[in-house]
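Student: Handing you this structure, nothing more for now.
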Amino acid sequence: MNVEFAALALILVFPALGVIFNLFFGARLGRGAVNLVGPGVMFLAFAVSTWAFVKILAMPAGGALYCPLWRWIEAGSFHVELGLRVDALSGVMVMVVTGVGSFIHLYSVGYMAHDEDYARFFTYMNLFALSMLILVLADNILMMFVGWEGVGLCSYLLIAFWYTNPEFAYNGRKAFIVNRIGDAGFVLGILTILSALAHHGVWTLNFVEIQSHAGLIGTTAATAAGLLLFLGATGKSAQIPLYVWLPDAMVGPTPVSALIHAATMVTAGVYMVARLNFLYMLAPDAMAVVATIGALTAFFAGTIAIVQPDIKRVLAYSTVSQLGYMFLGVGSGAFAAGIFHVMTHAFFKGLLFLCAGSVIHALEGEQDMNKMGALRKRLPITFWTMFIATLAITAVPGFSGYFSKDLILEGAYESGHFWLWLLGAITAGVTGFYMFRLIFMTFFGESRVEADKLHHVHESPPVMTIPLIVLAVFAAIGGWVGLPEGLLWGDAFARFLSPVVGNFKPAVEASPAMLSAIATGLGGLGILLAYVCYLRMPGLPVIAAWRAKALYDLLLEKYRIDELYNLIVTRPLFFISDQVLNRGVDRMVIDGAANGAGLVVEAGGEAARRAETGNVQHYAFVYLLGVIGIVAYYLYLVIR
Amino acid sequence: MSGGILTALIFFPLLGAAFVLMLSDERATWNSAFIFSLVPLAISFYLFAAFDPHEAGYQFVEQYQWIPQFGISYHLGIDGISLLLVLLTTILISLSLLYSGGGDIDHRPREFCFFLLVLETGLLGALLAVDLFLFYVFWEVMLIPMYFLIGIWGHGRKIYAAVKFVLFTMVGSLLMLVAILYLVAAAKHAFGRLSFDLPLLYQVPLTQTEARWMFAAFALAFAIKVPMWPVHTWLPDAHTEAPTAGSVILAGIMLKMGTYGFLRFAIPLFPAVAVEAVPLFLALAVIGIIYGALVAMTQPDLKRLVAYSSVSHLGFVMLGIFALNPQGIDGAIYQMLNHGVSTGALFLLVGMLYLRRHTREISEFGGLWKSVPIYAGLFMFVMLSSAGLPGLNGFVGEFLIMLGTYLRSWPAAAFAVSGIVLGALYLLWTYERVMFGPVTHAVNQTIRDLNLREIAVMTPLIALMLFMGLYPAPLISRMQPSVERMLAGVRIEQVRLEQKSHQQAGGIARRDTEKQADSPFSARAALRAARESFNGTDRWSAQPYSGDRPLIETASAK
């Protein structure tokens, strides 16, 4: 059942008004106005989203709200209409984006309280929310791409927010360019779908219409489109091979890391795959690639997180790793499980970043965990909320992450990806280790805080701690909407999404309880190991790092992937640009040829000028030669 | 025949040019030149409003005998292909005058205004001429004022740049003139009378060899103007040394004369050759896209960088044109407008910076955001529009071009898509070096932000970028019928070419074609579409290419 609901447009209008207000009047009207408008528009959008979501819940399964906007582009038979659509899938996403987004905006009021550029900050944040909501609410893939690139832009602007630092500016650009590489694939993916359908006379980019004509897309086209779009997802959602930008993105203000680089934007790729589930179902090979990349990324990023000293970098690699889980889920066909993890991850990872921000705020910008420790008593709210989030991410039974991660691993196993399941289960242990390492190093043990900072370490103001508490509640109980089958209401989440993403069809029989026990056991093992290494025997990690120095350095230096990319992509590109094309081809060959032609003409003119000597005898002689020549020619004709 | 409105549009600037020559006061010169440029602007807005978007042929037509002995007529008309370019021309000329009066041109303002207004007459005339001789006259008229604009008000090696610009263009133009004369002679042979009238010349029967040679001559003339790789090297010099207004007009409008020439002359006059030449032009366009972006990346001079980015952007336009389908060509025309707006704005911004610091070396800047936030914000916006951010104008054109190209040849699209990555790379890197980071030169701390006049110049362009990005439908719908009509002739040639290759390949290929009868790409569908377009138009009822056998019958008999 589809119902037109014009108020959906308001979800976009409010953040848009926020952008306009903060951009033009923010700096003039002062901090009070910006602090009211910036988060205010988000809460308004949240309210409208909740209204829409309640309407969806009240409708029979498979219902959707829509709101047509205007005809955007048309050329020949091709046309795109802008329109918004909320169904179960986008409903969940819009609730997460506006809900978590509102509280992070609120938190920012406190976090940015001492920054002069608050108006610019909230302009970007509102613009981000607008783009993200366009991405989620779009009823066609091209409009989705508008949001897709828009969030990338805001990510760039916010990473480079403190632009006077050249490294930050560089990291912002790096994020944008790496994302653009993915986006190039995304565009080709859109074109592949469009052209596959156009060959059958169907010109559409609308999700619903593509789905109803999906049969016309052949397996080859579906595989190509699926892989190309997934290339876009590896950029936006930081998967191998394009994940390199996300850890560097952590130089932006911490609320940005929470909102954009953990809770919302980076999950866009997962949302896209779930949204196009019908396309991916046509292309099992593309699905397998998605699942494999996801599992590999989850493990690979997890191992890097083990040794990082910077609290935000640990969380960044953890995000990359968790996103890998989500792709393992959707790649295995467990689309609902993937989206479920998007939701729980938004709660606990958003919270983790906000808590890290609270710690950093208290320590006046310190991010190195080697200079923290024993903060438990001084930052009690931060500690407890962060502890809950950690329990959730390490999938301790009962907490939100437990339910979603279990469903993903179950999906991976039951779809026949035994090795990927194993990798995912091992990663659960890795997650337990690095997360509890973070908790122990930050809040337990001896204090290593620098002496001059120690005496003004204080808990953050309520405007920051209230969002922490709210998110902690959701991080704890947010997973209860998807309980194991047979327990109370069972997996209500998957049932809610199934009209959009279909039901998971297992290929291999397995005992969910057994799989869950293995993963949870491995997670517990990781926690135990962290406990031993960082609380019981604090000297152990140092010895281990010294003993396995090569491995330790490799992990610390992130497998030197950045250096590799520099060597094989960036440096050759600049060399070709500067040395080969600019100095070589353009100036020497092409311009040389043109100037050479000019020189030939000039030389010709010079020669002609020499002939004009002004000497009459000279002319007469040439004249004579000419006459002889003509006579000789006629003689030749006669004789012949 | 309507009331001479196109004549008024073309010659009003010339009247203004004559008028400013009589003024001696500097302020009065600028003001009156600007006011004179507003009249054609108003006329072109009226034309846009009064334009019938369902009519494919020429509108507001004016036709008078000019030199009847040679069949030369004063024949003007406007259609969907030229309408928006006319609007772009009048907008950019007005903004250039408004900007230049603010201190950018510090000597001989009277002559400057004179040449700029004469240039406007040349540009508008070339866009509106329906007579090939008339077109050639205006085509050459454009050259002279631009030569003086670069040579007198330019910077650095301005004489070298001006001469290079004229020589490159003349080489192509002369070959085109020869081709025009040959074509007219062929028309006389076929129809028994001399005529330079374009609709008639579209129908001249030509042998394959003749058509190929003439297409080559036209294509070279236009390719130099575009400029396509590898005949682009005049552009960086001309752009770099030209005054700001000169660069704006050069990039914004004059380059479009090349792409417009392909759409109006080279392709519809010789559709059979154009269809054959598709692979060559797709390849050159793709090379141009990648090459222009790569060379732009490491330019030390801001203006040179923007100039090379034009090579890349115009590569996209050529790609769309030679996709030879509605999506590609609509996208190409749209991208011409986008490039005019966005690159014009970029040149204005670079000019404003030059005015303050008297240098364009990127290494001289850094950390500018702190001292000039409004400027930095506008620069960011324009840069994003140029980089094709969805929601702004550049994306609409680029996407349609990519779509058209993909439908024509997906490998070409796959290569071209790297252009959007490289485009973001050089723009963002430049931005970073100019605006971000610490202030490295103390003098940059004290430069002043934009004044009211400069903001007034930028505002219409910013508004256009937003409007064209969010609501392109009214613009594209106006060009659509004319593009379809132009493509009708091309489609027939495509069918011919396909049938030729099918006959060579045997019956298997043909069965495939018939299986996909509903496909828009199949020969039959193309033929149907072509015939429909033909029946819908009056002047185009004859075949544009009459070879040795009647074409439509042959095709439909299959």
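None of the figures in this text is laboratory data; all of them are computed from the coordinates on show. Computed from a prediction, not measured in an experiment: that's the story for all the values here. Note that we place each Cβ from the backbone using ideal geometry, even for glycine, and neighbour counts take in every protein chain shown.
Student: Ignoring everything except DSSP H segments at least 4 long, calculate the 222 nm mean residue ellipticity for the protein assembly as shown; use -39,500 (n - 2.57) per segment, divide by total residues, nearest 500.
Tutor: Details: 52 runs with 832 residues, N = 1198.
It lands at -23000 deg cm²/dmol.
Student: On C-alpha positions alone, give me the angle between the axis of helix B:158-191 and the longest principal axis of chain B, in degrees, nearest 10.
Tutor: 20
Student: If you don't mind, there's one more thing I want to ask. Just name one of B:306, A:473, A:132: the one whose Cα is farthest towards the positive end of the charge dipole of the protein assembly as shown (beta-carbon charges, Lys/Arg +1, Asp/Glu -1).
Tutor: Farthest along the dipole direction, towards plus: B:306.
Student: Can you give the net charge of the other residues whose Cβ lies under 12 Å from the Cβ of residue B:9, counting K and R as +1 and D and E as -1? Present the calculation step by step, with values, prior to reporting the outcome.
Tutor: Working: positive: none; negative: B:62, B:120.
Summing Lys/Arg as +1 and Asp/Glu as -1 gives -2.
Student: Another question, then. What list of whole percents do you get for P(r) of the protein assembly as shown, with Cα-Cα distances grouped in 10 Å bins up to the one holding the largest distance?
Tutor: 2, 9, 17, 20, 18, 14, 10, 5, 2, 1, 1, 0, 0
Student: Report, in debye and to the nearest 20, how large the dipole of chain A comes out about its Cα centre when Lys and Arg carry +1 and Asp and Glu carry -1 on their Cβ. Spell out each step's value before the answer.
Tutor: Working: 35 positive and 38 negative charges, 114 e Å.
That gives a dipole near 540 debye.
Student: Still on this structure: Let's test this: bin the Cα-Cα distances of the stretch A:1-130 at 10 Å from zero up to the farthest pair and state each bin's percent.
Tutor: Going from the shortest bin to the longest, the percentages are 13, 37, 27, 18, 5, 0.
Student: State to the nearest 20 debye the size of the charge dipole of the protein assembly as shown about its Cα centre, where the only charges are +1 on K and R beta carbons and -1 on D and E beta carbons. List each step's numbers first, then the result.
Tutor: Details: 71 positive and 73 negative charges, 167 e Å.
Result for the protein assembly as shown is approximately 800 debye, rounded to the nearest 20.
Student: Moving on to the next point. How do A:405, B:164 line up, fewest other C-beta atoms within 10 Å first?
Tutor: Numbers: A:405 34, B:164 22.
Going from least to most buried by this count: B:164, A:405.
Student: To continue, here is another question. I'd like the FRET efficiency for residue B:467 and residue A:466, computed as 1/(1 + (r/R0)^6) with the beta carbon distance as r and R0 of 30 Å, rounded to 0.05. List each step's numbers first, then the result.
Tutor: Numbers: r = 42 Å, r/R0 = 1.39.
Efficiency, rounded to the nearest 0.05: 0.10.
Student: Once the principal axes of the Cα atoms of the stretch A:563-639 are found, what is the range along each, listed largest first in whole angstroms?
Tutor: Cα spread of the stretch A:563-639 along its principal axes, largest to smallest: 81, 36, 10 Å.
Student: Out of all DSSP beta bridges with both ends in the protein assembly as shown, state the antiparallel percent to the nearest 5. Let's see the in-between values first.
Tutor: Values: 21 of 25 bridges.
If I count the DSSP bridges inside the protein assembly as shown, around 85 percent turn out antiparallel.
Student: Using the Cα centre of the protein assembly as shown as origin and beta-carbon charges of +1 (Lys, Arg) and -1 (Asp, Glu), tell me which of B:247, B:452, A:19 is placed farthest towards the positive end of the dipole.
Tutor: Looking along the dipole axis, the top candidate is B:247.
Student: Could the peptides A:481-494, A:559-572 be put in order, highest first, of the mean number of other beta-carbon atoms found within 10 Å of their residues? Walk me through the numbers on the way to the answer.
Tutor: Numbers: A:481-494: 15.4, A:559-572: 12.5.
Per-residue Cβ counts within 10 Å, averaged per peptide and sorted highest first, yield A:481-494, A:559-572.
Student: Modelled label-to-label distance, residue B:361 and residue B:194, 7 Å Cα→beta-carbon offset: nm?
Tutor: 5.8
Student: Suppose R0 equals 30 Å; then what is the FRET efficiency for residue B:137 and residue A:630 from their Cβ-Cβ distance, rounded to the nearest 0.05?
Tutor: Once the sixth-power term is evaluated, E becomes 0.10.
Student: What angle, in degrees between 0 and 90 and rounded to the nearest 10, separates the Cα long axis of helix B:452-470 from the longest principal axis of the Cα atoms of chain B?
Tutor: 30
Student: Here's a follow-up. Where both partners of a DSSP beta bridge lie in the stretch A:2-556, what percent of those bridges are antiparallel, to the nearest 5?
Tutor: Working: 12 of 15 bridges.
Just about 80 percent of them are antiparallel.
Student: Determine the dipole magnitude for chain B: charges of +1 sit on the beta-carbon of Lys and Arg, -1 on that of Asp and Glu, nothing else is charged, the reference point is the Cα centre, and the result goes in debye to the nearest 20. Could you put the intermediate results ahead of the total?
Tutor: Details: 36 positive and 35 negative charges, 132 e Å.
The dipole of chain B has a size of about 640 debye.
Student: How much length is gained if the chain between residue B:5 and residue B:167 is pulled fully straight, taking 0.36 nm per residue apart and subtracting their Cα-Cα distance, in nm to one decimal? Before the final figure, lay out each step's value.
Tutor: Details: separation 162, 0.36 × 162 = 58.32 nm, distance 3.44 nm.
Working it through step by step, the gained length comes to 54.9 nm.
Student: Sticking with this structure for a sec: Taking the inverse of the average 1/r across all pairs of different Cα atoms in the stretch A:2-556, what Kirkwood radius in Å do you get? Could you put the intermediate results ahead of the total?
Tutor: Values: mean 1/r = 0.0427 Å⁻¹.
Kirkwood hydrodynamic radius for the stretch A:2-556: 23.4 Å.
Student: Quick one: check the C-alpha center-to-center distance for the stretch A:615-640 versus the stretch B:204-276, whole angstrom.
Tutor: With the stretch A:615-640 and the stretch B:204-276 each reduced to a Cα centre, they are spaced 46 Å.
Student: For the stretch A:132-238, what Kirkwood radius comes out of the mean inverse Cα-Cα distance, in Å? Don't skip to the end; give the middle numbers.
Tutor: Working: mean 1/r = 0.0677 Å⁻¹.
Across the stretch A:132-238, the inverse of the average 1/r is 14.8 Å.
Student: Which Cα, out of B:503, B:214, B:343, lies furthest along the positive dipole direction of chain B (beta carbon charges, K/R +1, D/E -1)?
Tutor: Positive-most Cα among the choices belongs to B:503.
Student: Further question: Express in nm, to one decimal, how much length is gained between residue A:545 and residue A:167 on full extension, taking 0.36 nm for each residue of separation and deducting their alpha carbon distance. Provide the component values of the computation, followed by the final result.
Tutor: On the way: separation 378, 0.36 × 378 = 136.08 nm, distance 2.85 nm.
Using 0.36 nm per residue and subtracting the Cα-Cα distance, I get 133.2 nm.
Student: How many angstrom lie between the Cα centre of the stretch B:104-166 and the Cα centre of the stretch A:65-110?
Tutor: For the stretch B:104-166 versus the stretch A:65-110, the Cα centre distance is 49 Å.
Student: Taking beta carbons within 10 Å but only from partner chains, what does the mean come to for residues A:74-84? Write down the numbers at each step before the final one.
Tutor: Working: counts 9, 21, 17, 5, 10, 2, 3, 1, 2, 0, 0.
Per residue, the number of nearby Cβ atoms from other chains is 6 on average.
Student: So, one more: How long is the gain from residue B:451 to residue B:208 if the chain were fully straight, where each residue apart is worth 0.36 nm and the alpha carbon distance is subtracted? Can you show the working numbers first?
Tutor: Values: separation 243, 0.36 × 243 = 87.48 nm, distance 5.88 nm.
Full-extension gain reported as 81.6 nm.
Student: For the stretch A:57-126, what's the relative contact order in percent, using C-alpha pairs closer than 8 Å and at least 6 residues apart? Kindly include the intermediate steps, with their values, before the conclusion.
Tutor: Working: 43 pairs, mean separation 15.1, N = 70.
This gives 22 percent for the stretch A:57-126.
Student: Another question, then. To the nearest 0.05, how large is the calculated FRET efficiency for residue A:43 and residue A:368 if R₀ is 30 Å and r is the Cβ-Cβ distance? If you can, show how the numbers build up before the last one.
Tutor: Details: r = 35 Å, r/R0 = 1.17.
Step by step, r from the Cβ atoms, then E = 0.30.
Student: What is the local net charge at residue A:322, summed over the other residues whose Cβ is closer than 9 Å to its Cβ (Lys, Arg +1; Asp, Glu -1)? Write down the numbers at each step before the final one.
Tutor: On the way: positive: A:349, A:405; negative: none.
Summing Lys and Arg as +1 and Asp and Glu as -1 gives +2.
Student: Could you line up A:312, B:225, A:505, B:370 from fewest to most neighbouring Cβ atoms inside 10 Å?
Tutor: Details: A:312 24, B:225 27, A:505 10, B:370 15.
Ranked by crowding around the Cβ, least crowded first: A:505, B:370, A:312, B:225.
Student: Let me ask something else. Over the stretch B:300-426, one equal point on each Cα, no solvent: what is log10 I(q)/I(0) by the Debye formula at q = 0.10, 0.11 Å⁻¹?
Tutor: Scattering profile of the stretch B:300-426, log10 relative to I(0): -0.34, -0.40.
Student: Moving on to the next point. For the stretch B:207-317, what is the Kirkwood hydrodynamic radius in Å, using each pair of distinct C-alpha atoms? Walk me through the numbers on the way to the answer.
Tutor: Numbers: mean 1/r = 0.0698 Å⁻¹.
Value: 14.3 Å, from the Cα pair sum.
Student: What translational diffusion coefficient, in µm²/s and rounded to a whole number, does the Stokes-Einstein relation yield for the stretch A:353-470 at 4 °C and a viscosity of 1.567 mPa s, taking the hydrodynamic radius as the Kirkwood radius over Cα pairs? Each step should come with its number before you reach the end.
Tutor: Numbers: Rh = 15.6 Å.
Estimated via Stokes-Einstein, D reaches 83 µm²/s.
Student: Within 10 Å of each residue's Cβ, count the other Cβ atoms and sort A:315, B:389, B:38 from fewest upward. Provide the component values of the computation, followed by the final result.
Tutor: On the way: A:315 28, B:389 21, B:38 16.
Fewest-to-most ranking of A:315, B:389, B:38: B:38, B:389, A:315.
Student: Follow-up. Could you give the spread of the C-alpha atoms of the stretch B:12-59 along their three principal axes, from largest to smallest, in whole angstroms?
Tutor: On the principal axes, the stretch B:12-59 reaches 48, 15, 8 Å in Cα extent.
Student: A further question follows. Which angle from 0 to 90°, rounded to the nearest 10, does the C-alpha axis of helix A:311-331 make with the longest principal axis of chain A?
Tutor: 80
Student: Okay, moving on. How shielded is B:226-235 by partner chains, expressed as the average number of their Cβ atoms within 10 Å of its Cβ atoms? All intermediate terms of the calculation are to be shown ahead of the outcome.
Tutor: On the way: counts 0, 0, 0, 3, 7, 2, 3, 9, 2, 0.
That average works out to 3.
Student: Now for a different question. Once the other residues with Cβ under 11 Å from the Cβ of residue B:132 are scored (Lys, Arg +1; Asp, Glu -1), what is the net sum? Please report the intermediate quantities before stating the final value.
Tutor: On the way: positive: B:264; negative: B:131, B:197.
My count for the surroundings of residue B:132 gives -1.
Student: Compute the semi-axes of the equivalent ellipsoid of chain B, taking the square root of 5 times each eigenvalue of the Cα gyration tensor, and list them largest first in whole Å.
Tutor: On the way: eigenvalues 320, 154, 78 Å².
Taking √(5λ) for each Cα gyration eigenvalue gives 40, 28, 20 Å.
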